[in-house]
Amino acid sequence: ALVYRFLCLREHPFATGTTLECARAAMCQGVSDGGDDFRGLQALILQRVAASPPASRAGDLQLAIIESQRQLAPPRDFICALIQSAPLLGLLGTVGGMIEIFMVISQAGTSEVGMLADGIGKALLTTQAGLLIVVIGLYGEMRLRRREQELLDKLEETRFVLNRCIREAHATAS
């Protein structure tokens with residue numbers, strides 16, 4: 001599910017200002033297609049709003065924007081829980097390695113340095129793995145948050161342009 005959400009964040013292209021103006025023209029004319037270069041979430045929003053009756057376009061725009069925001073929102077709580085649990089899993093491995101060391105000491109004494117080193121190595125390796133996962137996870141979470149914010153900003157821009165178009169179409173019809 002996390003990979004799917006990340007791919008969703010990557011695969012929702014947004015149009016530039018020029019194509020937003022094309023969409024605005026298409027909306028005002030009641031056409032449900034914004035052109036070839038208008039794709040992704042903006043195209044879905046445009047199609048939904050342009051296909052609705054003029055009286056309900058503002059409400060449909062709000063619903064389409066909310067629905068799109070829900071699609072973009074990654075499961076942040078789950079990602080944070082995974083990142084925060086990585087050091088604990090590393091600590092669990094450290095404790096397991098230390099238990100192994102104490103078992104070697106109780107059975108063979110301190111003369112078996114090689115066996116002691118194996119337990120210490122396991123303990124340090126799991127600690128290192130847990131910390132490495134945290135560092136990588138924090139970087140990944142930061143990138144996801146930044147991409148999500150970029151897409152939410154584009155959605156807000158789309159909402160602004162289409163709201164203006166709806167108001168202009170309503171004023172022209174009156």
Kindly indicate whether Ile133 is among the β-branched types (Val, Ile, Thr), in a helix (DSSP H, G or I) and under 30 Å from Ala58 (Cβ atoms).
no
Regarding the range 133-154, can at least one residue be identified that is surrounded by 12 or more Cβ atoms within 10 Å (Cβ to Cβ) and among the polar types (S, T, N, Q)?
no
Might you check whether a residue that is open to solvent by 20 Å² or more (accessible area, probe 1.4 Å), within 14 Å of Arg167 (Cα to Cα), among the small types (Gly, Ala, Ser) and modelled with pLDDT under 80 occurs anywhere in the range 53-60?
yes
Identify, please: which residue in the range 83-113 is modelled with pLDDT under 85, open to solvent by 50 Å² or more (accessible area, probe 1.4 Å) and part of a helix (DSSP H, G or I) and is, among those, farthest from Gln149 (Cα to Cα)?
Ser111
Out of the residues in the range 156-169 that are more than 13 Å from Val49 (Cβ to Cβ) and surrounded by 13 or more Cβ atoms within 10 Å (Cβ to Cβ), which is nearest to the chain's Cα centre (by Cα)?
Glu157
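The values are calculated or read from the model by the stated rules, or taken from the named source; none is laboratory data. Computed from a predicted structure; not experimentally measured. Here Cβ is always computed from backbone atoms with ideal geometry, including for glycine, and neighbour counts include all displayed protein chains. Just so you know, the surface numbers come from the protein's heavy atoms only, side chains and all, with ligands and any DNA or RNA stripped out. Shrake-Rupley method; radii C 1.70, N 1.55, O 1.52, S 1.80 Å.
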